[in-house]
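Working notes for the structure below.
The values are calculated or read from the model by the stated rules, or taken from the named source; none is laboratory data. It should be emphasised that the depicted structure is a prediction, and the values quoted were computed from it without experimental measurement. No Cβ is skipped: glycine too gets one built from the backbone with ideal geometry, and neighbour counts run over all protein chains shown.
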């Protein structure tokens, strides 16, 4: 009987530790401000609108080249001036999938935008043109002596030297196209 109770106790402790190890995703969300949860919910609602409209996107040559470099990648989205990070996978057809309220270690790209830009995207009836324009016009700017972002700035993720080099070229040339 004591052996059975001991085995049950060990099984219970193992189960408890596995549950505790699987809960960091929920904990990450609670570390973020309340507005981050609300904005993420808005992004979840925006995703189908984005995916419905991607096939009808009217892009000029420069926008299409930038967009083609984003498709097929896992992207970490950083809201500048905050600790808020989201991530998504963009399929090769441009549709957004696997939206998460956390960063991913296997991300290919690093996307930066302000909270205002993120809120504008989430609220748009058709977020595709806004996204495409913000990515084409995105730049790091100095405002009142501080470095900030205008639009959407995209770079290769840390540890992805080919993506970093590609986006250095894209970001240099995109203003000329």
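Descriptive notes on the structure:
- Any hit, the range 9-18, residues being touching a strand residue (DSSP E or B) at 6+ places or on another chain (Cβ under 8 Å) and either over 30 Å from residue 154 (Cα atoms) or modelled with pLDDT of 50 or more (or both): no
- Positions within the range 44-67 being more than 13 Å from residue 131 (Cα to Cα) and part of a helix (DSSP H, G or I), in sequence order: 44, 45, 48, 52, 55, 56, 61, 62, 65
- Condition check for residue 86: within 19 Å of residue 41 (Cα to Cα) and buried (at least 19 other Cβ atoms within 10 Å of the Cβ): yes
- Residues located in the range 87-105, provided they are in contact with a helix residue (DSSP H, G or I) (Cβ under 9 Å, 6 or more places away or on another chain) and assigned to a strand (DSSP E or B): 88, 90, 96, 97, 99, 100
- Looking across the range 141-166, the residues that are over 10 Å from residue 108 (Cα atoms) and either outside the structural domain of residue 110 (by TED's automatic domain parsing) or in contact with a helix residue (DSSP H, G or I) (Cβ under 9 Å, 6 or more places away or on another chain) (or both) come down to 149, 150, 151, 152, 153, 154, 166.
Let's see how each residue does on (1) in contact with a helix residue (DSSP H, G or I) (Cβ under 6 Å, 6 or more places away or on another chain); (2) surrounded by 15 or more Cβ atoms within 10 Å (Cβ to Cβ):
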position	(1), (2)
36	no, yes
52	no, no
55	no, no
59	yes, yes
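- Meets criteria (at pLDDT below 95 and in contact with a strand residue (DSSP E or B) (Cβ under 7 Å, 6 or more places away or on another chain)) for residue 86: no
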